[in-house]
Amino acid sequence: MRGLYLFMTCACCLVGCNGSANDTSSSSNSQWNVKVTKIGNSEITSILGFKGPYGLTLSDDAKLYVPDIRDGKVIRFSDLFEAESWLGYSLEAQKSGWFDESYSVDISNKESLKGAHSVTFNSRGQIIIADFFNKTVNLYDSSGKFLSFINSSPSDTSLKFEGPANAHIDQNGNLWVSDWTSHRVYKFDSDFNFIGWLGATATGSTNGFVQTGKAISSNNLGGFNKPHMIKVDSEGFLYVVETGNHRVQKFTPLGESLGWIGAKQSGGITSHFEVTGSPISSPALGGFNQPVSLSIFNNEKLIIADNGNNRVQSFDLNGKFIGWVGGSNSDVFFNWTKVNTSPVGGKATGYLLAPFEAIQVENRLYIADGHNNRVQIYKVDPEFR
């Protein structure tokens, strides 16, 4: 998508380093297939057949939604990981909606999904999709009927989206959009009225929500460099993942920065959200290399897809490192681990190659394994600290 990611590979990663792994696969005429790999006393389920799974969402009824940025659609799976239908613009039907695999996708219409990057739902059952390549945030009803583009004609044209990577609905129904290209985060109310944006201007960080002005890239506290995702916890605190700054920032509900976590340019790793210093890319535990997503588990744990390091890391809400999942030169870590070894990318089950989103629900960790064109579901310890 952006040509920014460089990945390490090794012979061990490509063939698998764990001799106890056994695979069972389901076969069908579907584009998407499921493989279950036993590893010791645990297992990893892989859903195969994607072209570019750059996000995922789980609905309240346990269905899995995967936006495929290179396939022009969002695919819906049952709680048994069976492909049910896809959302997009149909060539045969000449409209948007939910379709089965007998329909083909059309990406030439103005309502088509050209770069579906994230999907979320509001309390009205409406579907909100951030389309990175279209520079739009699309609104659909529950049947998949296209309703409108959100923020399509702001009163100030400089406030139009330039590269929305993700959209998020918080517990109060507010819509948040992280615009990767314009280096800012937008907030809208539950009726999609514009409230304001966070980021940095030429005169400094906004330090709260503003409704005018142009954002610039900044590594100062409160500023952003390619913000890829924002999430809000149950108390209203904001967490913003910055791909370009290799860090995660935390903000008050009013948009005041409380600090950042990641690797320090001066050396070492943060142990909590810090307000001084500058971040740097690092493979060290607690450091990041182009992080892209964040989810909140049980309102007590942050789960962060560390894209350039080919791993997923976990922290508590104060920014203390908990553990990581992924592969190294000698092993695959399919449960949270604190083993201090360099992560590597690979194709074997359990390894990751540019993970774009990770969500934990109970004892399952769902990972959109972007450049492996699959979703992996790990069984993990929900009580791990």
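The values are calculated or read from the model by the stated rules, or taken from the named source; none is laboratory data. All values reported here derive from a predicted model rather than from experimental measurement. FYI the Cβ positions are ideal-geometry reconstructions off the backbone, even for glycines, and counts take in every protein chain you see. The area values use the complete protein model at the heavy-atom level, side chains included, leaving out ligands, DNA and RNA. Shrake-Rupley method; radii C 1.70, N 1.55, O 1.52, S 1.80 Å.
Applying 0.36 nm per residue to the separation of Lys95 and Thr157 and subtracting their alpha-carbon distance, the gain on full extension is 19.5 nm. Positive end of the dipole of the chain (Cβ unit charges, origin at the Cα centre): among Tyr366, Val240, Ser328, the Cα lying farthest that way belongs to Ser328. Surface composition of region 26-93: carbon and sulfur atoms hold 44% of the protein heavy-atom accessible area at a 1.4 Å probe. Taking amide H as placed 1.01 Å from N in the peptide plane, Gly72 has its amide H under 5 Å from the amide H of Ala116, each at least 5 places away in sequence or on another chain.
What is region 240-366's relative contact order, in percent, from Cα pairs under 8 angstrom and six or more apart in sequence?
Working: 331 pairs, mean separation 23.5, N = 127.
Relative contact order, region 240-366: 19 percent.
Compute log10 of I(q)/I(0) for region 110-266 with the Debye formula, placing one identical point scatterer on every Cα and leaving out solvent, at q = 0.12, 0.17 Å⁻¹, to two decimals. For the requested q values the scattering log ratios are -0.47, -0.93. If you take the square roots of the eigenvalues of the alpha-carbon gyration tensor of region 203-300 and sort them as a ≥ b ≥ c, do you get rounded (a/c under 1.5), prolate (a/b over b/c) or oblate? The shape class here is oblate.
Summing charges over neighbours of Arg311, with a neighbour being any other residue whose Cβ is under 14 Å away from its Cβ, gives -3 when K and R count +1 and D and E count -1.
Could you check which residue among Ser328, Ser123, Ser295 shows the biggest mean-square fluctuation in a GNM of the chain with a 10 Å Cα cutoff? So, out of Ser328, Ser123, Ser295, the one fluctuating most is Ser123. Sorted on the mean count of surrounding Cβ atoms within 10 Å across their residues, most packed first, peptides 182-189, 211-218 read 182-189, 211-218.
Could you check how much of the accessible area of region 248-375 is carbon and sulfur, as a whole percent, using a 1.4 Å probe?
Carbon plus sulfur share of accessible area: 47 percent.
Does the chain come out rounded, prolate or oblate by the C-alpha gyration tensor, with a ≥ b ≥ c the root eigenvalues, rounded set by a/c under 1.5 and, if not, prolate when a/b is larger than b/c and oblate if not?
Verdict is oblate for the chain.
Indicate the gyration tensor shape class of region 193-254 (rounded, prolate or oblate), computed on the Cα atoms with a ≥ b ≥ c the square roots of the eigenvalues: a/c under 1.5 is rounded; otherwise a/b larger than b/c is prolate and the rest oblate. Since a/c reaches 1.5 but b/c is at least a/b, the shape of region 193-254 is classed as oblate.
Quick one: dipole size for the chain, taken about the Cα centre, charges +1 on Lys/Arg Cβ and -1 on Asp/Glu Cβ, in debye to the nearest 20.
Working: 32 positive and 36 negative charges, 184 e Å.
Approximately 880 debye in magnitude.
Based on protein heavy atoms only, the chain ends up with 39 Å² per residue of surface accessible to a 1.4 Å probe.
Quick check on packing: order 247-257, 57-67 by the mean number of other C-beta atoms within 10 Å, highest mean leading.
Working: 247-257: 19.7, 57-67: 17.4.
Packing proxy ranking, top to bottom: 247-257, 57-67.
Coupling constants for region 276-293 follow from the phi torsions by the Karplus curve (6.51 cos²θ - 1.76 cosθ + 1.60, θ = phi - 60°), and in residue order they are 10, x, 10, x, 8, 5, 7, x, 5, 4, x, x, 9, 10, 6, x, 10, 8 Hz; glycine and proline get x.
Phi angles across region 238-248 convert, under the Karplus curve 6.51 cos²θ - 1.76 cosθ + 1.60 with θ = phi - 60°, into 3J(HN,Hα) values of 9, 10, 10, 8, 10, 5, x, 9, 6, 8, 10 Hz, Gly and Pro given as x.
What is the percent carbon and sulfur in the accessible area of region 148-200, measuring with a 1.4 Å probe over the protein chains and ignoring ligands? Intermediate values should be presented prior to the final figure.
Numbers: 770 of 1810 Å².
With neighbouring chains kept in place, the figure for region 148-200 is 42 percent.
Which listed residue (Gln265, Ile377, Ser30) has the Cα farthest towards the positive end of the charge dipole for the chain, taking +1 on Lys and Arg C-beta and -1 on Asp and Glu C-beta about the Cα centre? The one lying farthest along the dipole's positive direction is Gln265.
If the Kirkwood radius is taken over C-alpha pairs of region 24-126, then at 37 °C and 0.692 mPa s the Stokes-Einstein diffusion coefficient equals 225 µm²/s. A simple spin-label model places the labels of Glu235 and Thr181 3.7 nm from each other, with each point 7 Å out along Cα-to-Cβ. The Cβ shell under 15 Å around Val248 holds other residues with a net charge of +2, Lys and Arg each +1, Asp and Glu each -1. Averaging the sequence gap over all C-alpha pairs within less than 8 Å and six or more residues apart, then dividing by the number of residues, gives the chain a relative contact order of 13 percent.
For region 27-61, trypsin sites (Lys or Arg not before Pro) meeting the loop criterion (DSSP other than H, G, I, E, B) and having at most 13 other Cβ atoms within 10 Å: Lys51.
Rounded to the nearest whole Hz, the Karplus-based 3J(HN,Hα) values (6.51 cos²θ - 1.76 cosθ + 1.60, θ = phi - 60°) of region 317-331 follow the sequence 5, 8, x, 7, 5, 10, x, 9, 10, x, x, 10, 5, 10, 7, with x at glycine and proline.
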